[in-house]
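Okay, so here's the structure we're looking at.
The values are calculated or read from the model by the stated rules, or taken from the named source; none is laboratory data. Treat the numbers as computed from the prediction; the structure is a model and nothing was measured. Counting neighbours? That spans all protein chains shown, and the Cβs are built from the backbone with ideal geometry, glycine included. Each accessible area value is taken on the protein alone, full model and side chains, heavy atoms only, with ligands, DNA and RNA left out. Shrake-Rupley method; radii C 1.70, N 1.55, O 1.52, S 1.80 Å.
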Amino acid sequence: MLGCGRPEKTNVLLIGIDTLRADHVGSFGYPRPTTPRLDALCRESAQFRTAISQAPWTLPAFASIMTGLLPSSHRAGEGSVPNFTSLGPEPLTLAEALQRAGYRTASYVSNGWVSDRVGMARGFQEFSLPWGAVY
């Protein structure tokens, strides 16, 4: 609330799109209108123009995004399917940190590799994985 000595919280929206090619996104210079809604959001948002995945597949890559740790530290995705490790109860995730800071947290995913089944729903007050989602 303005005027009461407390700063307003900044909205945080993290969009993770698995296997999206940045060179086909308009806001990153692609000339064809392939991503008009994403481009509109980008015009009003902070963007990371140089990002390097910490892992070659979804689970450990997104676990690194959510924890700020390398896969060798969080250990999610070690092994091979179906015998792989999920993200364990440690470390703290971004969603948990935001929730502790008073943010309302929600996750809407369509990929099972970032679902509650692999430890990626921790810290979200609302979590949605549609029936039939890819896993």
**Message:** Just checking: which of the helices (runs of 4 or more DSSP H) contained wholly in the stretch 43-135 hold 2 or more residues that are among the aliphatic types (A, V, I, L, M)?
**Reply:** 58-67, 94-100
**Selection within the stretch 98-117 - out of contact with any strand residue (DSSP E or B) (no Cβ under 6 Å at 6 or more places or on another chain) and exposed (fewer than 15 other Cβ atoms within 10 Å of the Cβ)** = R100, A101, G102, R104, S110, R117
**Prompt:** Given the conditions (1) of a type in the set (G, A, S); (2) touching a helix residue (DSSP H, G or I) at 6+ places or on another chain (Cβ under 6 Å); (3) over 19 Å from T93 (Cα atoms); (4) open to solvent by 60 Å² or more (accessible area, probe 1.4 Å), and given that A46 satisfies all but one, which numbered condition is not satisfied?
**Reply:** (2)
**Selection within the stretch 54-71 - open to solvent by 80 Å² or more (accessible area, probe 1.4 Å) and without any contact (Cβ under 8 Å) to a residue 40 or more places away in the chain** = Q54, P56, L70
**Asked** What are the residues in the stretch 19-42 that are outside any helix (DSSP H, G or I), open to solvent by 80 Å² or more (accessible area, probe 1.4 Å) and more than 30 Å from V118 (Cα to Cα), if any?
**Response** P31, R32, P33
**Request:** Within the stretch 76-94, identify whether any single residue is within 16 Å of I15 (Cα to Cα), polar (S, T, N, Q), out of contact with any Cys (no Cβ under 9 Å at 6 or more places or on another chain) and surrounded by fewer than 17 Cβ atoms within 10 Å (Cβ to Cβ), and answer yes or no.
**Result:** no
